[in-house]
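Q: The structure's right below; bear with me while I get my questions together.
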Amino acid sequence: MRVIAAAGETFSWDQEISESDARAYWMRGTPARTFVAVDDAGVVVGTAESGPNRGGPGAHIASAGFMVDPDRSGEGFGRALADHVIVQAQADGYRAIVFNAVVESNVRAVGLWRSLGFEVLGTVPDGFREPDHGFVGLHMMYRAL
């Protein structure tokens with residue numbers, strides 16, 4: 001998480017986020033859930049978090065976040081985490097999943113979400129300052145369950 005946050009390429013987090021603040025955000029209390037992906041050697045290579053996007057009358061829509069070790073990108077861990085989160089969200093009774101902030105220059109993530117049935121509902125122009133691309137759009141992506 002530290003490497004991904006510090007890179008400032010895909011998450012709208014303070015690049016200097018403390019470990020305790022990152023853990024508190026990622027490991028929210030019930031009904032939210034935290035998942036990890038491990039390789040065959042038992043090494044954690046990715047993580048996901050999911051839970052209600054909003055409270056009260058909006059709690060039937062889930063949201064989620066995903067991080068995969070950049071050195072393990074492209075090995076299928078993100079897809080495995082996403083598949084698991086979708087199945088769990090359905091089992092938990094959510095009606096849909098929304099991603100509030102997918103950086104449009106993160107083409108690997110956008111492609112993965114589209115391949116799993118997510119659609120871009122809208123884009124905030126220049127909503128994210130990416131270190132290599134400058135200001136890029138920030139997508140809101142949605143999939144009914």
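Q: Give me the percent of the accessible area of the range 1-131 that comes from carbon and sulfur atoms, probe 1.4 Å, all protein chains in place.
A: The C+S portion of the solvent-accessible surface of the range 1-131 is 50 percent.
Q: Which one, 26, 133, 84, projects farthest toward the positive side of the charge dipole computed for the chain from Cβ point charges (K/R +1, D/E -1)?
A: Of 26, 133, 84, it is 84.
Q: Now for a different question. Per residue and in Å³, how big is the convex hull formed by the alpha-carbon atoms of the chain?
A: Spread over its residues, the Cα hull of the chain gives 116 Å³ apiece.
Q: For residue 73 and residue 12, what is the calculated FRET efficiency with R₀ set at 22 Å and r taken between the beta-carbons, to the nearest 0.05?
A: 0.65
Q: Select from 43, 107, 68 the residue whose mean-square fluctuation is largest in a Gaussian network model of the chain (Cα-Cα springs shorter than 10 Å).
A: 43
Q: Test of understanding: in a Gaussian network model of the chain with alpha carbons linked when under 10 Å, which of 84, 133, 60 would top the mean-square fluctuation ranking?
A: 133
Q: Under 5 Å between amide hydrogens, which residues at least 5 positions from residue 32 or on another chain qualify, with H placed 1.01 Å from N in the peptide plane?
A: It is none; the list stays empty.
Q: So which GluC sites (Glu not before Pro) in the range 1-109 end up in coil per DSSP with only 14 or fewer other C-beta atoms within 10 Å?
A: On the way: sites: 9, 16, 19, 49, 75, 104; in loops: 9, 16, 75, 104.
Answer by residue number: 16.
Q: Suppose only helical runs count, i.e. DSSP H with n ≥ 4. What mean residue ellipticity at 222 nm does that imply for the chain under -39500 (n - 2.57) per run, divided by all residues and rounded to the nearest 500 deg cm²/dmol?
A: Mean residue ellipticity at 222 nm (helix-derived): -7500 deg cm²/dmol.
Q: Another question about this same structure. Assuming a ≥ b ≥ c are the square roots of the Cα gyration tensor eigenvalues, decide whether the range 12-98 counts as rounded (a/c under 1.5), prolate (otherwise, with a/b larger than b/c) or oblate.
A: Working: a/c = 2.17, a/b = 1.31, b/c = 1.66.
Since a/c reaches 1.5 but b/c is at least a/b, the shape of the range 12-98 is classed as oblate.
Q: Show me, for the range 28-35, the HN-Hα J-couplings you get by feeding each phi into the Karplus relation (A = 6.51, B = -1.76, C = 1.60, θ = phi - 60°), rounded to Hz, glycine and proline as x.
A: Result, ordered by residue: 5, x, 4, x, 5, 9, 10, 10 Hz.
Q: Using a simple charge model, +1 on the beta-carbon of Lys and Arg, -1 on the beta-carbon of Asp and Glu, nothing else, what dipole does the chain show about its Cα centre, in debye to the nearest 20?
A: 600 debye
Q: Follow-up. Under 5 Å between amide H atoms, partner at least 5 residues away or on a different chain: which partners does residue 99 have, H built in plane at 1.01 Å?
A: Under 5 Å from the amide H of residue 99: 141, 142.
Q: For the range 51-92, rounded, prolate or oblate, judged on the Cα gyration tensor with a ≥ b ≥ c (square roots of eigenvalues), a/c < 1.5 rounded, else prolate if a/b > b/c?
A: Note, shape of the range 51-92 comes out oblate.
Q: Looking at the range 65-145, which trypsin sites (Lys or Arg not before Pro) are DSSP coil and have at most 14 other C-beta atoms within 10 Å of their C-beta? Could you put the intermediate results ahead of the total?
A: Working: sites: 72, 79, 95, 108, 114, 129, 143; in loops: 95.
Sparse-neighbourhood loop trypsin sites (Lys or Arg not before Pro): 95.
Q: Next question. Return one whole number: the accessible area per residue of the range 32-145 in Å², for a 1.4 Å probe. Let's see the in-between values first.
A: Working: 5940 Å² over 114 residues.
It amounts to 52 Å² per residue over the range 32-145.
The values are calculated or read from the model by the stated rules, or taken from the named source; none is laboratory data. Predicted, not measured: the structure shown is a model, and the values here were computed from it. So basically every Cβ, Gly included, is an ideal-geometry build from the backbone, and we count neighbours across all protein chains shown. The area values use the complete protein model at the heavy-atom level, side chains included, leaving out ligands, DNA and RNA. Shrake-Rupley method; radii C 1.70, N 1.55, O 1.52, S 1.80 Å.
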